[in-house]
Amino acid sequence: MGTFTLNTEKIPKELVIILSIIKDEKIEKDWLKDTDWKLFIQLLIHHRLYPLIYPKLNEYDKNFFPSHILQLISYKYRLNTIEMLKLSGEMTELDGLFNENKIKTIFLKGPALALELYGEISLRTSGDLDILVSIDHLEIVNDLLCKAGYNKDEYFSTTLDDWKWRHHHLTYLHPEKQIKLEVHWRLNPGPSEEPSFKELWERREKVSFSGHKIYLLGKEDLFLFLVTHGARHGWSRLRWLVDIHKLMNKDVDWISLIKKLKKYDFMKIGGQSIFLANQLLDTSVDEYIIKETFCDRSKKLANEAVFYLERMINLHSEPLPAEVSNFHKKHMFHLLTLRQKILFVLSFLYPYPEDVDVLPLPKKLHFLYFPLRPFLWGWRRIKGLRKQAISN
């Protein structure tokens, strides 16, 4: 590792305290002086770490932390346990529904991941359920979910086939149960390469919920999924990094994993996540992994990710502040390899659904959108500038 370390000077003291508690470091009472307890709670909730930290707080003397803080965390912990139990019940129901209809299903996160990595569903939060199915089964899955009371969120157009690789999941909401479900046919949005569903299914692992078998990704595929997901969000929630820490303490086949990271061009972000886990959570890393993943680029990417820890950033809360938006765009581009950057730039030449809005053509003439793409983009740009000038 050499002398390269993270620049954590601007990370709030309250977040440093949270990390210390997670790592079971001894905390002196004097260190808690001048702690902003409101910020402490806000950070716990933002990073989704309150269920994990709750049992650890109970190991301290009852007067060590302010009583109102302990009461609030206890309340949030109980609410999360109830929510995870509700999601567990829905997960087993959905899995049974898909099994009856011969739909192969892999659960990506949620209670299954909590049980696999943390040993208890109460120690991790989850806002929804995420499942992975073959793209060939999307229509059947859609029909089954609609009959089960779910409503599909039509947040992107399927007029052109670009949705199959530009996007990676569909979102469903159950209005009565208040449950959100994401149906994935890819692990990540494109353009990028990744294992096929057939490969992922062959390497799947299982966990048991009251005797009901639930399938998860194999550990190496799970690592690939978690690091790409966390990196894509700037590791802006530390729960994702704790997932990596927990997974690295499992019996991961590192030789196989390194091969996958190289094959799918994710070595930089693999190294970034491992370096972050090591520096922030004291995750043990053996020499083979250090040699293979700790390059200068991955370390620099890890330092860039500290930007998200210095602030409470919710990337789904738009519009983002200009400083955050500009940094995030640059950071996302830095994560890409040269090959991925070329694919990313070339993807702009592929027609967008907006092109169809400007010039509707019958399906048999959709091929014309390729040569017309620059002109249609230019026309939309001109119209946008005109609207802006009029509004000003």
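The values are calculated or read from the model by the stated rules, or taken from the named source; none is laboratory data. Please read all numbers here as calculations on a predicted model, not as lab measurements. Counting neighbours? That spans all protein chains shown, and the Cβs are built from the backbone with ideal geometry, glycine included.
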Within segment 340-356, of all residues that are charged (D, E, K, R) and at pLDDT 75 or above, the one surrounded by the most Cβ atoms within 10 Å (Cβ to Cβ) is K341
Between a first residue in segment 166-182 that is on the phi < 0 side of the Ramachandran plot and a second residue that is among the hydroxyl-bearing types (S, T, Y) and in a loop (DSSP other than H, G, I, E, B), which pairs have beta carbons less than 8 Å apart while being 6 or more apart in sequence or on different chains?
T171/Y155; Y172/Y150; L173/Y150; H174/Y150; L181/Y150
Members of segment 205-222 that are in contact with a Gly (Cβ under 8 Å, 6 or more places away or on another chain) and crowded, with 22+ Cβ neighbours inside 10 Å:
none
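Output the number of residues of segment 1-57 satisfying the condition of being of a type in the set (F, W, Y) and buried (at least 19 other Cβ atoms within 10 Å of the Cβ).
Applying the first criterion (of a type in the set (F, W, Y)) to segment 1-57 yields 4, 31, 37, 40, 50, 54.
From what's left, buried (at least 19 other Cβ atoms within 10 Å of the Cβ): 40, 50, 54.
Of the residues in that region, 3 qualify.
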Candidates L200, L187, L170, L226 - the one that is buried (at least 18 other Cβ atoms within 10 Å of the Cβ), within 21 Å of L123 (Cα to Cα) and of a type outside the set (V, I, T):
L226
Show the residue pairs that are 6+ apart or on different chains and have beta-carbon atoms under 8 Å apart, the first residue being within segment 228-239 and closer than 22 Å to S192 by Cα, the second being of a type in the set (V, I, T) and not in a helix (DSSP H, G or I).
G234/I313
Which condition breaks for E193 when tested against (1) over 25 Å from G89 (Cβ atoms); (2) free of Cβ contacts under 8 Å to residues at least 60 places away in the same chain?
(2)
Tell me whether segment 302-324 contains one or more residues that are buried (at least 16 other Cβ atoms within 10 Å of the Cβ), of a type in the set (S, T, Y) and not in a helix (DSSP H, G or I).
no
Which fully enclosed strands (runs of 3 or more DSSP E) of segment 135-193 have 1 or more residues being at pLDDT below 95?
151-153, 169-174
Of the residues in segment 48-96, those that are of a type in the set (D, E, K, R), without any contact (Cβ under 8 Å) to a residue 60 or more places away in the chain and in a helix (DSSP H, G or I) number 5
Among the residues of segment 214-256, write down those that are under 13 Å from L108 (Cα atoms) and among the basic types (K, R).
K219
If I ask for residues that are of a type in the set (S, T, Y) and either without any contact (Cβ under 8 Å) to a residue 40 or more places away in the chain or under 25 Å from L44 (Cα atoms) (or both), which ones from segment 310-364 would you list?
S317, S325
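Looking at K260, is it within 28 Å of H137 (Cβ to Cβ) and assigned to a helix (DSSP H, G or I)?
Answer is yes for this residue.
Do we find a residue being farther than 30 Å from L15 by Cβ and not hydroxyl-bearing (S, T, Y) anywhere in segment 267-284? Show your work before the answer.
Initially, segment 267-284 is screened for residues farther than 30 Å from L15 by Cβ, giving none.
Checked segment 267-284: no residue is farther than 30 Å from L15 by Cβ and not hydroxyl-bearing (S, T, Y).
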Of the residues in segment 26-49, how many are at pLDDT 95 or above and in contact with a Ser or Thr (Cβ under 8 Å, 6 or more places away or on another chain)?
1
Subset of segment 199-214, residues out of contact with any strand residue (DSSP E or B) (no Cβ under 7 Å at 6 or more places or on another chain) and free of Cβ contacts under 8 Å to residues at least 24 places away in the same chain, comes to E199, E202, R203, S208, G211
Out of all the residues in segment 347-365, which are within 27 Å of F333 (Cβ to Cβ) and outside any helix (DSSP H, G or I)?
F348, L349, Y350, P351, Y352
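So that you can scan it fast, the table gives a plain yes or no per residue for (1) within 25 Å of N151 (Cα to Cα); (2) not small (G, A, S):
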{"position": "E182", "(1), (2)": "yes, yes"}
{"position": "N188", "(1), (2)": "yes, yes"}
{"position": "P191", "(1), (2)": "no, yes"}
{"position": "S208", "(1), (2)": "no, no"}
{"position": "I214", "(1), (2)": "yes, yes"}
{"position": "D221", "(1), (2)": "no, yes"}
{"position": "L226", "(1), (2)": "no, yes"}
Does any residue of segment 117-127 turn out to be without any contact (Cβ under 8 Å) to a residue 60 or more places away in the chain, farther than 20 Å from H229 by Cα and more than 19 Å from the chain's Cα centre (by Cα)?
yes
Name the single residue that is farthest from the chain's Cα centre (by Cα) among those in segment 24-34 being in a loop (DSSP other than H, G, I, E, B) and under 21 Å from L281 (Cβ atoms).
E28
